[in-house]
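Data block below; observations after.
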Amino acid sequence: MTRQFELKELIRSDNFIDGQWRAAADDARFAVTDPATGTVIAQVADSSPADARAATDAAARALPAWRDLLPKERATILHKWNALILANQHALGALISLEQGKPLAEGRGEVAYGASYVAWFADEATRIYGDIIPQQQRGKRMTAVKEPIGVVAAITPWNFPLAMIARKIAPALAAGCTVVAKPAEDTPLTASALVLLAHEAGVPAGVLNLITASRDHAVATVADWLEDSRVRKITFTGSTPVGKYLARESARTLKKLSLELGGNAPFIVFNDADLDAAVGGLLAAKFRNGGQTCVCPNRVYVQAGVYDKFADMLSRRVAELKVAPATDPDAQIGPMINIRALDKIARHVDDALAHGARVLAGGKRLPELGPHYYAPTVLADATHEMLLCGEETFGPVVPLFRFDDEAEAVEAANNTPFGLASYFYSQDVRRIDRVSRALQAGIVGINEGALASEAAPFGGVKESGYGREGSKYGLDDYLSIKYLCQGNLA
Ligand code: NAP
């Protein structure tokens with residue numbers, strides 16, 4: 001029988017190292033708060049380099065035995081973990097909403113989404129094939145085998161506290177790697193709960209280790225992993241500046257990196273689009289998690305022939321979105337994660353208004369709900385000199401840019417250092433072919449706003465990073481290829 005936990009049983013406040021819950025080496029703690037109310041949920045371990053080192057020691061010790069399990073033995077454990085996550089979907093969903101602020105339905109949805117990667121990689125564990133290379137010389141046999149890369153350090157952001165870490169830990173464990181992980185300061189509790197369930201599923205001591213740290217301690221703590229040559233890979237999801245820093249700093253021990261970084265997604269609506277579908281797709285893509293996702297459309301380009309109609313249809317729907325704490329069952333947009341996030345959104349909107357944008361919906365903070373709420377916003381007459389064109393707003397703000405022809409839209413869409421997701425709506429098959437080839441992005445939504453799936457490769461190009469999560473390619477980042485050359489056989 002798969003065990004079900006109460007929400008309070010899932011809340012852990014210590015590090016998990018070598019199969020045990022432990023306070024930080026120096027006993028330091030930091031507060032985790034509910035972004036809706038500011039209430040302190042827990043005081044969790046504030047790690048230092050000593051804790052990072054202890055986690056690496058455990059992961060390095062556990063590596064040989066985990067690597068040597070049969071793939072189907074690892075798969076069995078991962079399937080149990082998946083079953084436990086799903087059996088605890090409601091409690092985990094509530095925990096996500098509590099520490100991250102997203103509406104409950106989205107919290108539960110994230111649990112199912114994260115679990116889907118665990119199930120996927122449990123199956124993929126049994127499909128790690130190598131190659132027999134066609135013979136080149138008599139008496140010589142050449143083969144290529146895939147091996148786990150070793151100890152993996154996973155560093156994750158706050159916006160999907162369960163899914164982002166699940167889609168790193170699951171492929172790492174499936175491949176036969178051991179893991180040290182650090183979640184974001186704002187949302188460590190869901191990650192700890194996930195690790196608790198992994199332990200319950202039978203992941204052996206030392207195979208999966210998690211340390212939590214405040215923003216003040218994160219740099220020094222993670223630096224220990226960057227310097228440690230036993231850590232062979234960094235898998236990171238977060239902002240582009242931090243991704244670049246990790247790439248630079250880990251170069252001294254030449255680690256393999258997967259970097260899922262920031263985006264600045266364009267969303268293009270052509271005159272020949274199905275406008276109802278485009279509005280629906282934009283609402284789904286933009287307002288998930290209050291606009292705090294890396295694949296959220298950040299710049300919406302609308303062709304002149306449908307601009308006014310589309311702006312009208314969209315702003316009516318946006319004005320109807322319900323902003324409320326996660327505990328309200330009708331909530332569609334919750335609080336933003338913290339005051340820094342809110343200040344950035346307000347700065348982007350103020351700057352756009354100063355440069356001539358017009359508010360069609362929202363455009364203001366909602367202090368009556370709490371300090372972290374911002375009204376879902378549509379801005380018309382957006383232009384390229386505005387801050388929100390060059391930077392990810394990471395909030396519920398849709399700026400509408402007007403364009404005349406396809407070449408202009410594609411050039412504007414690509415005019416960014418980023419290249420994660422992009423979207424366009426058109427019913428012209430030739431245009432669909434041209435534009436999907438021309439867009440510089442790792443992911444293209446064509447008449448579709450919901451793109452993520454465990455079966456599909458997720459990742460960016462340009463300064464949105466490298467590596468792919470999910471799909472049959474997702475294990476490659478955790479494997480290295482060994483070439484075996486056997487001679488003197490004849
Ligand atoms: P972030 O500031 O880069 O932080 C991400 C993680 O890195 C957190 O755990 C953070 O710890 C840690 N960190 C920050 N600075 C560090 C340093 N110098 N050394 C070691 N660790 C460090 O990003 P965020 O604000 O949490 O997340 C939002 C960003 O993530 C956006 O840009 C978004 O587009 C991107 N994102 C990308 C994807 C994708 O798949 N491409 C998915 C989701 C989000 P603290 O929490 O303690 O700062």
Log entry: pair-distance distribution for region 376-416, C-alpha pairs binned every 10 Å from zero, whole % per bin is 26, 57, 17, 0
For region 61-160, which chymotrypsin sites (Phe, Trp or Tyr not before Pro) are both in a DSSP coil and crowded by at most 10 other Cβ atoms within 10 Å?
-> Y129
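Where does region 1-101 land on Rg/Rh, using Cα atoms and the Kirkwood Rh?
Value, to two decimals: 1.03.
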With region 252-303 reduced to its Cα atoms and the Debye formula applied, log10 I(q)/I(0) at q = 0.18, 0.20, 0.21 1/Å amounts to -0.64, -0.73, -0.77
Using alpha carbon centroids, what distance separates region 39-68 and region 316-346, in Å?
-> 34
Report, to the nearest whole %, how much of the accessible area of the chain belongs to carbon and sulfur atoms, 1.4 Å probe, protein only.
-> 52
If region 186-288 were replaced by its equivalent ellipsoid, with semi-axes equal to the square roots of 5 times the Cα gyration tensor eigenvalues, what would those be, largest first, whole Å?
-> 36, 21, 13
Hey, could you pull the Cα Rg and Dmax for region 134-182, both in Å?
-> 17.4, 56
³J(HN,Hα), Karplus 6.51/-1.76/1.60, whole Hz, each residue of region 427-434, x for Gly, Pro = 10, 9, 4, 5, 5, 4, 5, 4
Would you work out if the chain is rounded, prolate or oblate? Take a ≥ b ≥ c from the square roots of the eigenvalues of the alpha-carbon gyration tensor; rounded if a/c is under 1.5, else prolate when a/b is larger than b/c, oblate otherwise.
-> oblate
W21/A346 FRET efficiency (R0 41 Å; Cβ-Cβ; nearest 0.05) = 0.55
Please label the shape of region 339-410 as rounded, prolate or oblate, based on the square roots a ≥ b ≥ c of the eigenvalues of the alpha-carbon gyration tensor (a/c under 1.5 means rounded; beyond that, a/b larger than b/c means prolate, else oblate).
-> prolate
What is the spin-label model distance, in nm, from K322 to D272 if the labels are put 7 Å beyond Cα along the C-beta direction?
-> 4.0
Could you calculate the contour length gain from D312 to R215, that is, 0.36 nm times the residue separation minus the distance between their Cα atoms, to one decimal place in nm?
-> 30.7 nm
tail above 21 Å in the computed P(r) of region 229-344, as % of all Cα-Cα pairs, reads 55
With a 1.4 Å probe and every protein chain left in place, work out the accessible area per residue of the chain in Å², rounded to a whole number.
-> 40
Taking the alpha-carbon centroid of each part, what is the distance from region 191-220 to region 18-32 in angstrom?
-> 11
Diffusion coefficient in µm²/s returned for region 70-195 by Stokes-Einstein, Kirkwood Rh over C-alpha pairs, 10 °C and 1.306 mPa s, is 101
With no solvent and one point per C-alpha, what does the Debye sum give as log10 I(q)/I(0) for region 341-490 at q = 0.16 Å⁻¹?
-> -1.04
For K146, which lysines qualify as cross-link partners when the Cα separation must be under 29 Å and same-chain residues fewer than eight apart are set aside?
-> K72, K80, K168, K182, K233, K244, K255, K256, K462, K472, K482
Which whole-Hz couplings ³J(HN,Hα) result when phi for each residue of region 12-17 is put into the Karplus expression 6.51 cos²θ - 1.76 cosθ + 1.60, θ = phi - 60°, listed in order with x for Gly and Pro?
-> 10, 10, 10, 6, 10, 10
Starting from the Cα of R230, step 7 Å toward the Cβ, then list every residue of region 53-78 with an amide N under 12 Å from that point.
-> 53-64
Alpha carbon centre of region 431-490 versus region 121-167: separation in Å?
-> 14
Hey, if we sort C485, C296 by accessible area with the 1.4 Å probe, largest down, what's the order?
-> C485, C296
What does the charge dipole of region 211-252 about its Cα centre add up to, to the nearest 20 debye, if the Cβ of each Lys and Arg holds +1 and the Cβ of each Asp and Glu holds -1?
-> 220
per DSSP, antiparallel bridges as share of beta bridges in the chain, % nearest 5, sits at 45
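Take the Cβ-Cβ distance between L254 and A455 as r, set R0 to 22 Å, and report the resulting FRET efficiency rounded to the nearest 0.05.
Values: r = 32 Å, r/R0 = 1.45.
The formula returns an efficiency of 0.10 here.
Looking only at Cα atoms, what is the convex hull volume of region 177-237 per residue, in Å³?
88
The values are calculated or read from the model by the stated rules, or taken from the named source; none is laboratory data. This is a predicted model, so every value here is computed, not measured. Positions of Cβ are generated from backbone atoms using ideal geometry, with glycine treated the same way; all protein chains shown enter the neighbour counts. Heads up: the accessible areas ignore ligands, DNA and RNA and are worked out on the full protein's heavy atoms, side chains in. Shrake-Rupley method; radii C 1.70, N 1.55, O 1.52, S 1.80 Å.
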